[in-house]
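First up is the structure itself, then whatever we jot down about it.
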Amino acid sequence: MTRIASSTAVQIRQLSYFFGQGDLRKQVLYDIDLDLPRGQIVIMTGPSGSGKTTLLTLIGALRTVQQGSLQVLDQEIVGLSRAALVTVRRNIGFIFQAHNLFESLTASQNVEMAVELLDRWGDKRQKAVQMLSQLGLADRVDYKPSALSGGQKQRVAIARALVNQPALVLADEPTAALDKQSGREVVTLMQELAKSQGKTILMVTHDNRILDVADRIITLVDGRLETDESLAS
Amino acid sequence: MKTPLALLNLTHEKTRLLVAIAGVAFAVLLVFMNLGFLGALAKSASQIYSQFDADVFLLSPQTLEISTNKAFPRERLYQAAGFAGVERTMPIYAGYGQWRNPETRKNRSIFVFGINPDDPVFLDPEFRSPQNLDALRRPDTTLIDRLSRPEFGSQQAGTITELERRRVTVGGQYVLGGGFAADGTLLMSDQNFRRFFDPFPLNLISVGLIKLQPESDPDRVAAALAAALPKDVIVLTKPQIVDRERTYWISTTSIGFIFGLGVTISCIVGVIIVYQILYTDIADHMKQYATLKAMGYRSGFLVQTVIQEAIILAVLGYIPGFIISLGLYELTRSATAGGLPIGMEWERALFVLLLTLSMCILSAVISVRKVVLADPAEVF
Ligand SMILES: Nc1ncnc2c1ncn2[C@@H]1O[C@H](COP(=O)(O)OP(=O)(O)O)[C@@H](O)[C@H]1O
Ligand SMILES: [Mg+2]
């Protein structure tokens with residue numbers, strides 16, 4: 001199956017989402033329409049509980065879409081089997097609020113776990129080291145997470161998310177656990193890498209100081225897209 | 001090479017790993033000891049028959065095993081002697097007697113064999129050394145088994161004590177072993193046996209031994225004897241009587257059940273320990289495993305990782321368990337003065353290894369459900 005890459009990384013039409021069953025059923029997303037062009041850095045903000053994480057997990061093929069249409073990297077993911085969803089996820093880089101690194105593995109090994117997904121074991125170490133170096137961790141590749149600072153750990157997590165050159169990166173409050181300066185550093189590095197490789201980034205953040213890295217800022221309030229503002233770069 | 005996640009996760013928590021290895025080793029040890037005793041039992045039950053120079057055996061159908069025998073008419077042995085292929089028939093008298101330790105003067109039950117001194121009953125030539133043959137022919141004299149427990153006292157030739165409240169002199173020694181039925185054995189002439197166990201009619205015997213001519217087929221002769229002799233005796237070949245004795249001890253008595261239960265409980269203990277360790281390990285790595293799933297790893301990979309951890313624990317626990325068992329076997333042999341022939345057999349070593357692996361993999365399968373059900377969406 002060949003697919004011609006369109007200029008849109010994510011296309012969302014009339015997407016709604018509900019948690020719970022029966023009387024406890026609660027709608028958290030209402031008729032979302034959203035297009036993310038390739039290469040764009042989009043920041044999503046909004047009050048806590050507005051549905052940002054839920055939307056991110058839907059785009060990331062981590063939840064099953066209930067209503068509406070969702071195309072990720074030119075593939076309609078509504079109705080895909082679990083196994084097919086796993087394949088979609090391999091083209092997406094995830095960065096979480098917590099770094100979720102294996103304490104038992106070195107920085108390099110944590111990143112190599114991602115490379116191994118491609119069944120390419122020969123040059124995995126080289127790729128991991130290269131990625132870590134780009135994130136300023138060249139001298140930390142063989143350190144375990146316990147020997148790294150919070151900012152360094154989050155950079156290892158970013159290296160793990162980006163090492164396979166995913167076309168789409170989803171980040172949920174990646175700087176929330178970091179101090180001001182490391183948060184800024186991490187976001188700037190993400191921006192540089194995304195720009196140089198033409199990636200699409202969708203990042204949820206409450207951190208006003210990092211809004212300037214975005215090409216576009218969208219706001220979610222009570223499960224509805226409230227504002228959508230493009231920034232002149 | 002793939003990142004050895006299972007190994008690294010296990011070795012990261014050193015204390016937990018040591019506890020896990022100790023737990024598996026303990027279970028392995030318990031299984032080895034139970035199977036060792038069971039094996040020794042089976043072996044010692046058959047040991048005595050392998051030392052008789054006979055091919056076919058006559059027993060009363062009411063005889064459960066050699067030490068709880070029911071006597072039958074000696075006449076049957078005379079009848080058997082006339083059959084084609086039979087070279088020689090030899091009677092055995094057997095029963096428990098009270099032996100007084102000459103030093104402590106305490107009585108203890110000992111198992112006594114009575115034979116005709118002219119019969120070459122045993123394969124081992126030591127039984128027929130000139131000194132032993134001479135002693136067998138003297139009145140109120142017995143040979144004593146070197147494998148008898150030390151509680152029976154001196155085995156020195158010339159020792160004088162009491163058997164069944166009657167003066168007896170030790171005339172020599174031999175090596176036989178009483179297995180699980182007896183702590184010690186004596187061997188004496190049929191005439192002496194009758195004297196000590198008076199009234200004991202010599203026309204009733206405990207076991208009839210039949211030695212065949214070299215070219216005759218034991219199965220065929222046994223079948224012919226069974227067809228011709230009255231039903232107050234059963235006819236068994238050597239493998240059959242060994243098997244009958246073994247089956248009695250293992251299946252008919254509760255001994256087999258007890259050791260089987262021991263093995264089962266050891267395995268359950270092992271499964272619970274390994275389950276605890278794996279479950280804790282999984283719980284600690286839940287976020288990481290969910291992240292792997294989000295990245296695109298399939299549940300199969302996680303299952304594989306947990307099973308690898310289980311296999312590593314199985315192997316690492318088996319090795320010390322095996323080594324300590326060898327030591328305990330040795331200790332048991334020396335504590336029983338060789339009377340309990342407990343030893344490692346490679347079939348058992350392999351069986352326990354496979355059992356340990358299955359035990360650990362079972363624990364892995366139980367504990368892994370948690371990872372498989374992990375929802376990557378909940379990581380955000
Ligand atoms: N697993 C869940 N089950 C039920 N309700 C949930 C679950 N996850 C989130 N919610 C609810 O959905 C709404 C949106 O949550 P979320 O997407 O996490 O918001 P945000 O990330 O913007 O803070 C909230 O009201 C939250 O309580
Ligand atoms: Mg959230």
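At-a-glance table
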{"quantity": "Subset of region A:45-64 that is within 13 Å of another protein chain (Cβ to nearest Cβ) and over 13 Å from A:L15 (Cβ atoms) - its residue that is nearest to ligand 2 (Cβ to nearest atom)", "calculated": "A:T53"}
{"quantity": "Checking A:L211 against (1) over 23 Å from A:L73 (Cα atoms); (2) assigned by TED's automatic domain parsing to the domain that holds A:L55; (3) more than 16 Å from ligand 2 (Cβ to nearest atom); (4) buried (at least 20 other Cβ atoms within 10 Å of the Cβ), the condition it does not meet", "calculated": "(4)"}
{"quantity": "Odd one out for B:L209 among (1) farther than 25 Å from B:I250 by Cβ; (2) assigned to a strand (DSSP E or B)", "calculated": "(1)"}
{"quantity": "Test set (1) closer than 26 Å to A:L162 by Cβ; (2) away from chain B (no Cβ under 14 Å); (3) more than 16 Å from ligand 2 (Cβ to nearest atom); (4) at pLDDT 90 or above - A:Q67 fails condition number", "calculated": "(1)"}
{"quantity": "Filter result for A:T219 (within 16 Å of ligand 2 (Cβ to nearest atom) and closer than 26 Å to A:T8 by Cβ)", "calculated": "yes"}
{"quantity": "Filter result for A:I12 (more than 16 Å from ligand 2 (Cβ to nearest atom) and closer than 16 Å to A:T219 by Cβ)", "calculated": "yes"}
{"quantity": "Of the criteria (1) modelled with pLDDT of 90 or more; (2) more than 14 Å from every other protein chain (Cβ to nearest Cβ), which one B:G256 fails", "calculated": "(1)"}
{"quantity": "Any chance A:E112 is within 21 Å of B:T3 (Cα to Cα), within 9 Å of chain B (Cβ to nearest Cβ), touching a residue at least 24 places away in the same chain (Cβ under 8 Å) and outside any strand (DSSP E or B)", "calculated": "no"}
{"quantity": "Which numbered condition A:K199 fails, given (1) of a type in the set (K, R); (2) within 14 Å of the chain's Cα centre (by Cα); (3) farther than 25 Å from A:G51 by Cα", "calculated": "(3)"}
{"quantity": "Filter result (within 16 Å of ligand 2 (Cβ to nearest atom), among the small types (G, A, S) and surrounded by fewer than 23 Cβ atoms within 10 Å (Cβ to Cβ)) within region A:148-179", "calculated": "A:A176, A:A177"}
{"quantity": "In region A:130-159, the residues that are away from every other protein chain (no Cβ under 14 Å), hydrophobic (A, V, I, L, M, F, W, C) and part of a helix (DSSP H, G or I)", "calculated": "A:M131, A:L132, A:A138"}
{"quantity": "Answer residue from region B:332-380, given it is touching a residue at least 24 places away in the same chain (Cβ under 8 Å) and of a type in the set (S, T, N, Q) and is farthest from B:V28 (Cα to Cα) among those", "calculated": "B:T336"}
{"quantity": "So A:A177, is it assigned by TED's automatic domain parsing to the domain that holds A:V10 and either out of contact with any helix residue (DSSP H, G or I) (no Cβ under 8 Å at 6 or more places or on another chain) or free of Cβ contacts under 8 Å to residues at least 40 places away in the same chain (or both)", "calculated": "no"}
{"quantity": "Members of region A:95-115 that are charged (D, E, K, R) and surrounded by 17 or more Cβ atoms within 10 Å (Cβ to Cβ)", "calculated": "A:E112"}
{"quantity": "Qualifying residue in region A:22-37 (condition: in contact with a Lys or Arg (Cβ under 8 Å, 6 or more places away or on another chain) and aromatic (F, W, Y))", "calculated": "yes"}
{"quantity": "Residue match in region A:180-188 (condition: crowded, with 21+ Cβ neighbours inside 10 Å, over 21 Å from A:E103 (Cα atoms) and in the same structural domain as A:F18 (by TED's automatic domain parsing))", "calculated": "yes"}
{"quantity": "Qualifying residue in region B:218-230 (condition: at pLDDT 90 or above, farther than 30 Å from B:V368 by Cβ and under 25 Å from the mean Cα position of the chain (by Cα))", "calculated": "no"}
{"quantity": "Residue in region B:10-22 that is within 14 Å of chain A (Cβ to nearest Cβ), surrounded by 22 or more Cβ atoms within 10 Å (Cβ to Cβ) and more than 30 Å from B:V233 (Cα to Cα) present", "calculated": "yes"}
{"quantity": "Subset of region A:19-44 that is within 14 Å of chain B (Cβ to nearest Cβ) and not β-branched (V, I, T) - its residue that is farthest from A:D172 (Cα to Cα)", "calculated": "A:F19"}
{"quantity": "Selected residue [over 24 Å from the mean Cα position of the chain (by Cα) and away from ligand 2 (no atom under 16 Å from the Cβ)] from B:S363, B:S334, B:S325", "calculated": "B:S363"}
{"quantity": "Residue list for region B:63-78, restricted to those being touching a Ser or Thr at 6+ places or on another chain (Cβ under 9 Å) and either surrounded by fewer than 20 Cβ atoms within 10 Å (Cβ to Cβ) or free of Cβ contacts under 8 Å to residues at least 12 places away in the same chain (or both)", "calculated": "B:L64, B:N69, B:K70, B:A71, B:Y78"}
{"quantity": "Filtered residues of region A:115-125 (kept if at the interface with chain B (Cβ under 9 Å from one of its Cβ atoms) and assigned to a helix (DSSP H, G or I))", "calculated": "A:E116, A:L117, A:K124"}
{"quantity": "Filter pass, B:A377 being modelled with pLDDT of 90 or more and within 16 Å of ligand 2 (Cβ to nearest atom)", "calculated": "no"}
{"quantity": "Count of residues meeting criterion [more than 8 Å from chain B (Cβ to nearest Cβ) and either touching a Lys or Arg at 6+ places or on another chain (Cβ under 8 Å) or of a type in the set (D, E) (or both)] in region A:71-92", "calculated": "3"}
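The values are calculated or read from the model by the stated rules, or taken from the named source; none is laboratory data. The shown structure was predicted, so the numbers you read here are calculated from the model rather than taken from an experiment. We place every Cβ from the backbone using ideal geometry, glycine too, and count neighbours over all the protein chains shown.
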